[in-house]
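Values in this text are rule-based calculations from the coordinates and carry no lab data. Note that the structure is a prediction, hence the values are computed from the model and not measured. Here Cβ is always computed from backbone atoms with ideal geometry, including for glycine, and neighbour counts include all displayed protein chains.
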Amino acid sequence: METGSPDDTDRAGTAGPAGTAEPVWTGLPPGLLRMRRLLLVVWLGLLALGLGLLLGLLAGPAWAAFALLPAVAAVWGWVLLERNWRSWRYAERADDLLISRGVLWREQTVVPYGRMQLVEVTSGPVERYFGLASVQLHTAAAATDATIPGLDPAEAERLRDRLAELGEARSAGL
């Protein structure tokens, strides 16, 4: 009996109750969470420093205590960023791609392969520093464009190539 590597797993899903196929969900790598947390600390740290200096010089040292508000926001944001990061996931099925996200308001996007017109991989300077890339899907309907952020560049390229191949195969009859 031949066994495949973990990369050879069937991404279409496993059989669930009543013969329905359950999607195999893939979460985002932890590098995205690290990047977002670093940006949170840097921006709110700069805001706290600037606010503290400004209030301390213009209104007096007692007012400079309001500079602690961005620090409180950073602690709250630290927790919320992890919850948001955990909510992002995607699944490749036989005929479409599922993207799920959201903590309070869950949003699930279904992108049929045949409706994909363009699949691109983008990576800004901060994303490149952290070794991340995003996959953006453009479809026939502008309202259903979808993005999967924070992927490893190799996974983003693999996903782009697979989605482009499946999109060409499914749209051949259009």
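Note on Gln108 and Leu38: the model spin-label points, each 7 Å out from Cα along the C-beta direction, lie 3.4 nm apart. Taking 0.36 nm per residue of sequence separation and removing the Cα-Cα distance, the Trp76/Ala59 pair yields an extension gain of 3.4 nm. Normalising by residue count, the range 74-141 has a Cα convex hull of 118 Å³ per residue. Protection proxy ranking for 53-61, 84-92, 160-168, 38-46, using the average of other Cβ atoms within 10 Å per residue and placing the highest first: 84-92, 160-168, 38-46, 53-61. Computed extension gain for Thr26 through Arg170, at 0.36 nm per residue and net of the alpha carbon distance, reaches 49.5 nm.
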